[in-house]
1. Could you list all residues from segment 138-152 that are in contact with a helix residue (DSSP H, G or I) (Cβ under 8 Å, 6 or more places away or on another chain), part of a helix (DSSP H, G or I) and either open to solvent by 30 Å² or more (accessible area, probe 1.4 Å) or at pLDDT below 85 (or both)?
2. Which of the following residues is basic (Lys, Arg), over 14 Å from Ala189 (Cβ atoms) and part of a loop (DSSP other than H, G, I, E, B): Lys51, Lys35?
3. Mind checking which residues of segment 96-137 are farther than 21 Å from Ile14 by Cα, open to solvent by 20 Å² or more (accessible area, probe 1.4 Å) and in a loop (DSSP other than H, G, I, E, B)?
4. Could you grab the pairs with beta carbons closer than 7 Å, sequence gap of 6+ or different chains, first residue in segment 15-40 and in contact (Cβ under 8 Å) with a residue 60 or more places away in the chain, second one in a helix (DSSP H, G or I) and β-branched (Val, Ile, Thr)?
5. Which condition number does Lys159 fail, the rest of (1) open to solvent by less than 40 Å² (accessible area, probe 1.4 Å); (2) at positive phi being met?
6. Being under 29 Å from Ser331 (Cα atoms), at pLDDT 90 or above and either among the small types (Gly, Ala, Ser) or in a loop (DSSP other than H, G, I, E, B) (or both), is that true of even one residue in segment 60-83?
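The values are calculated or read from the model by the stated rules, or taken from the named source; none is laboratory data. Keep in mind the model is a prediction, meaning the values are calculated, not measured. FYI the Cβ positions are ideal-geometry reconstructions off the backbone, even for glycines, and counts take in every protein chain you see. When the accessible area is computed, the model is the full protein with side chains, heavy atoms only, and any ligands, DNA or RNA have been set aside. Shrake-Rupley method; radii C 1.70, N 1.55, O 1.52, S 1.80 Å.
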Amino acid sequence: MSEEILSAQERDVIGELGNISMGSAATALSGLLGKRVEITVPEVEVVAKEKVPELFPERHLLVRVVYQEGLRGENLLFVKEEDARVMVNLMMGGDGKEGLPEVLGEIELSAISEAMNQMMGSACTAMSDFLGRRINISPPETIWQDAEAVEQAWLEEQKEPFFAVIHFRLNVEDVIDSTMLQIVPLSFAREIVAVLLPEETTTEEVFAGVEGTQVREEPLEEKEKGKREEKERAKVKAQPVEFVEFKKRGESQERANLELLFDVTLPLVVELGRTRLSVREILDLGPGSIIELDKLAGEPVDLYVNDVLFARGEVVVIEENFGIRITEIVSPEERMRSIRETRI
């Protein structure tokens, strides 16, 4: 089926793009998990819509990625629930073997959503570099509850009989040796291929008729003329090859990737304390009212970056302005707990 709908060249292009983008995603995931992550060269096949649910029978999460700029389309990433538990455990300071969460609650889902967000963002950046065009995606949506129903609804929504299915092997040192699937509508897969493969000028034009396929060939004289011109172009001057010295992609490459984020601005908030008041108490507030917070004088204040608890420190005065001297960077586990919490 793959050979009939997608040529070997088209499947190679999709596989290579998946290899590059997921290689970058693996680097991002490795930084979050604190372990070496490898995502192997993918395999690509074409599967009928009704067969897609049979590809991944294990309980799994769905990650829905929508491309908004540069490419228009969307796809689903399938991640095994057991692998998600291990990732959450590692992100919260565990060893990935003991103390795995029994259920994926709000905190766990926030953590795995953050991991998927980092992965897909990094994959999108790598895809932009590879395709040579700016590509933007919406924040990936991680779905766990009713994943099968959402998956079926998504498949029906695409209105396509076939999908490109990309198989990835996921390895996280000694704690995960598993698989992931990426499901791409066939029309979207072909749109990606069209960006990379230039239109070929062939000597044959194929016309699909009602009774069959007809092939129109160019006259023999034009064919011979083309062959002679090709031979003339082949007679070029030969020169010694000068090879460029390649450097290892190590720290410098990671540094270059990190520098892409240096100009991004994030909101930084210092919280002095919290309290709860009844509606009546709030209505009674006025100029001169004093509100007692839940922190004692001299206690460390909390510093939030992009609504995530990042550090603690002490308040200082710099000339006529307040400032904060950082005294503690919070642990990864505590940071995960604060992801997407709404501060009062």
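1. Listed by number, the residues that qualify are Glu148, Gln152.
2. On the way: Lys51 fails: part of a loop (DSSP other than H, G, I, E, B).
When all the criteria are applied, what remains is Lys35.
3. Lys97, Glu98, Gly99, Leu100, Pro101, Glu102, Val103, Gly105
4. What qualifies is Leu17/Ile192; Ser24/Thr125.
5. So Lys159 meets the others, but not (1).
6. Step one: of segment 60-83, the residues under 29 Å from Ser331 (Cα atoms) are 60-63, 79-83.
Imposing the further condition that a residue be at pLDDT 90 or above reduces the set to 60-63, 79-83.
Filter again for either among the small types (Gly, Ala, Ser) or in a loop (DSSP other than H, G, I, E, B) (or both), leaving none.
No.
Quick grid of which residues meet (1) touching a Gly at 6+ places or on another chain (Cβ under 7 Å); (2) surrounded by 13 or more Cβ atoms within 10 Å (Cβ to Cβ); (3) modelled with pLDDT of 85 or more; (4) not acidic (Asp, Glu):
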{"position": "Asp294", "(1), (2), (3), (4)": "yes, no, no, no"}
{"position": "Asn306", "(1), (2), (3), (4)": "no, no, no, yes"}
{"position": "Ile324", "(1), (2), (3), (4)": "yes, yes, yes, yes"}
{"position": "Thr327", "(1), (2), (3), (4)": "yes, no, yes, yes"}
{"position": "Arg335", "(1), (2), (3), (4)": "no, yes, no, yes"}
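Let's see how each residue does on (1) open to solvent by 10 Å² or more (accessible area, probe 1.4 Å); (2) out of contact with any Cys (no Cβ under 7 Å at 6 or more places or on another chain); (3) among the polar types (S, T, N, Q):
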{"site": "Glu10", "(1), (2), (3)": "yes, yes, no"}
{"site": "Val37", "(1), (2), (3)": "yes, yes, no"}
{"site": "His60", "(1), (2), (3)": "yes, yes, no"}
{"site": "Leu76", "(1), (2), (3)": "no, yes, no"}
{"site": "Lys80", "(1), (2), (3)": "yes, yes, no"}
{"site": "Asn89", "(1), (2), (3)": "yes, yes, yes"}
